[in-house]
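Chemist: Got a structure for you, written out below as structure tokens; questions coming shortly.
The values are calculated or read from the model by the stated rules, or taken from the named source; none is laboratory data. This structure is a prediction, so every number in the text was calculated from the model and none was measured. Glycine gets a Cβ as well: all are built from the backbone with ideal geometry, and neighbour counts include every protein chain shown. Accessible surface areas use protein heavy atoms only, side chains included; no ligands, DNA or RNA. Shrake-Rupley method; radii C 1.70, N 1.55, O 1.52, S 1.80 Å.
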Amino acid sequence: MKTESNTLDTSAHWLLLVISLPTNSATGRMRIWRNLKSLGCGSLRDGVYLLPSGGAQQQALQDLSEETRREGGSAWLLQVGTQTADEARAFKALFDRSDEHAVWLGNLADVRAGLVVMKAPEIGKLLRKLRRDYEGLRAIDYFPGESSKTAEAAWMDFVQVAESLLSPGEPQAVSAQIPLLDIAQYQGCTWATRQKLWVDRVACAWLIRRFIDRQARFLWLASPADCPPDALGFDFDGARFTHVGERVSFEVLLASFDLEADRGLQRLGAMVHVLDVGSGFVPEASGFEAMLTGARQSARDDDELLDKMSMVLDAFYQHFSVEQGAAK
């Protein structure tokens, strides 16, 4: 039986940044130090920093190298490898996020206790801040372990609780097959969902009008119980289109109407999924949430909110439809 020291990969490459800054550049030193911290660099000693090799990490460290030289310092960016399993283990240990996860989980537990007495704007603001913190931690969690899984589970649970307070009637996932439907049979229909649109609902309404039923009429319900029997309900318990398994309502609509092959819609679905149930990571998610929050504050009603957010979703769709690396 092989021991851990014999099975650890010693062939992996690492990025090593060696920098030196002049002592009279305090502002520059602080800015570069903050950037190194935000990247989650491991420190071998003062001025010597380590990251797992990768395209994004290499570009970020190259940018820091150039900034260091502009400040009058020196910088060398090297690619190195470990010689033994012990070295590989020591390097990897520099990126153990267990302590950071523990602190974040403690903060999450503290704020969760007060959620029930908060007003909706306070919950929304808190949710955005915590999401930024969580996504920032995930971005530097280069070797996810048990603490990562614990943090993800806690975050998903927190998001569900917060969303249930922000949007009473939030759907609970059902276990069912998603049948493929004939889009021609769903034209000129009345579609209904809960009023005060949020991420999944506004994205579903946009998807319906843009790709499924261009003549759709919408009803914004004060309660799911108000849904007329002839309306197609979406994104509430008992609705015709709602959460199924791991899929949110937007993803269920994609599957139902054979739209999953569309790259832009697929990536939009991933963003909606992240914001609705808190699982996964999409860099653009926080920006979309901020725009939706602002639009909700200025829109007179849900019809105007859908109009405002349709332009935003059109832009995100175009952005997500571009093949990665094709845009300049």
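Chemist: Exactly one condition in (1) in contact (Cβ under 8 Å) with a residue 60 or more places away in the chain; (2) farther than 22 Å from ASP133 by Cβ is not met by LEU51; state its number.
Modeler: Of the numbered conditions (1) in contact (Cβ under 8 Å) with a residue 60 or more places away in the chain; (2) farther than 22 Å from ASP133 by Cβ, the odd one out for LEU51 is (2).
Chemist: From LEU115, LEU61, which residue is in contact (Cβ under 8 Å) with a residue 40 or more places away in the chain, of a type in the set (A, V, I, L, M, F, W, C) and more than 30 Å from VAL161 (Cα to Cα)?
Modeler: LEU61
Chemist: Next up: Identify all residues within the range 21-34 that are more than 19 Å from ALA60 (Cβ to Cβ) and not in a helix (DSSP H, G or I); write none if there are none.
Modeler: PRO22, THR23, ASN24, SER25
Chemist: Please go through the range 67-88 and pick out each residue that is part of a loop (DSSP other than H, G, I, E, B) and touching a strand residue (DSSP E or B) at 6+ places or on another chain (Cβ under 9 Å).
Modeler: Hits for the range 67-88 are GLY73, THR82.
Chemist: Please pick out the residue among PHE91, PHE95 that is closer than 20 Å to TYR49 by Cα and either touching a residue at least 60 places away in the same chain (Cβ under 8 Å) or in a helix (DSSP H, G or I) (or both). Break it down stepwise before answering.
Modeler: Working: PHE95 fails: either touching a residue at least 60 places away in the same chain (Cβ under 8 Å) or in a helix (DSSP H, G or I) (or both).
Selected residue: PHE91, the only one of PHE91, PHE95 that is closer than 20 Å to TYR49 by Cα and either touching a residue at least 60 places away in the same chain (Cβ under 8 Å) or in a helix (DSSP H, G or I) (or both).
Chemist: Counting only residues that are buried (at least 23 other Cβ atoms within 10 Å of the Cβ) and more than 18 Å from ASP302 (Cα to Cα), how many does the range 193-217 have?
Modeler: Looking only at that region, the number is 0.
Chemist: Ok, one more. Among the numbered criteria (1) under 23 Å from LEU305 (Cα atoms); (2) in contact with a Pro (Cβ under 8 Å, 6 or more places away or on another chain), which one does SER256 miss?
Modeler: Single failed check for SER256: (1).
Chemist: In the range 265-310, which residues are farther than 23 Å from THR242 by Cβ and either surrounded by 14 or more Cβ atoms within 10 Å (Cβ to Cβ) or of a type in the set (A, V, I, L, M, F, W, C) (or both)?
Modeler: Within the range 265-310, PHE281, GLU284, SER286, ALA290, MET291, THR293, ALA295, ALA299, LYS308 qualify.
Chemist: Residues being open to solvent by 50 Å² or more (accessible area, probe 1.4 Å) and within 20 Å of LYS149 (Cα to Cα): count how many of those fall in the range 99-129.
Modeler: Residues flagged as open to solvent by 50 Å² or more (accessible area, probe 1.4 Å) and within 20 Å of LYS149 (Cα to Cα) within the range 99-129 amount to 8.
Chemist: If you check every pair at least six apart or on different chains, which have Cβ atoms under 7 Å apart with a residue in the range 66-79 that is within 14 Å of LEU16 (Cα to Cα) first and a residue that is open to solvent by 80 Å² or more (accessible area, probe 1.4 Å) second?
Modeler: Matching pairs, first to second residue: ALA75/ARG69; GLN79/HIS13.
Chemist: Condition check: open to solvent by 10 Å² or more (accessible area, probe 1.4 Å) and either under 24 Å from ASP226 (Cα atoms) or in a loop (DSSP other than H, G, I, E, B) (or both). Does LEU180 satisfy that?
Modeler: yes
Chemist: Can you list residue pairs whose Cβ atoms sit under 7 Å apart, with the first residue in the range 149-170 being at positive phi and the second being at pLDDT 80 or above and part of a helix (DSSP H, G or I)? Count only pairs 6 or more apart in sequence or on different chains.
Modeler: GLY169/PRO224
Chemist: Could you list, ordered by first residue, the pairs with Cβ atoms under 9 Å in which the first is in the range 221-234 and in contact (Cβ under 8 Å) with a residue 40 or more places away in the chain and the second is among the acidic types (Asp, Glu) and surrounded by 11 or more Cβ atoms within 10 Å (Cβ to Cβ), at least 6 apart or interchain?
Modeler: Final answer for the pair search is PRO224/ASP237; LEU232/ASP213; PHE234/ASP200.
Chemist: Tally the residues that are crowded, with 17+ Cβ neighbours inside 10 Å and not polar (S, T, N, Q), restricting the search to the range 143-164. Spell out how you get there, then give the answer.
Modeler: First, pick out the residues of the range 143-164 that are crowded, with 17+ Cβ neighbours inside 10 Å: 147, 151-152, 154-155, 158-159, 162-163.
Those left that are additionally not polar (S, T, N, Q): 151-152, 154-155, 158-159, 162-163.
Of the residues in that region, 8 qualify.
Chemist: Got a sec? Which of LEU16, LEU36, LEU21 is open to solvent by less than 50 Å² (accessible area, probe 1.4 Å) and under 30 Å from LEU126 (Cβ atoms)? Talk me through it step by step, then tell me what you get.
Modeler: Working: LEU16 fails: under 30 Å from LEU126 (Cβ atoms); LEU21 fails: under 30 Å from LEU126 (Cβ atoms).
When all the criteria are applied, what remains is LEU36.
Chemist: Return the total of residues in the range 218-254 being buried (at least 18 other Cβ atoms within 10 Å of the Cβ) and part of a helix (DSSP H, G or I).
Modeler: Final tally of qualifying residues: 7.
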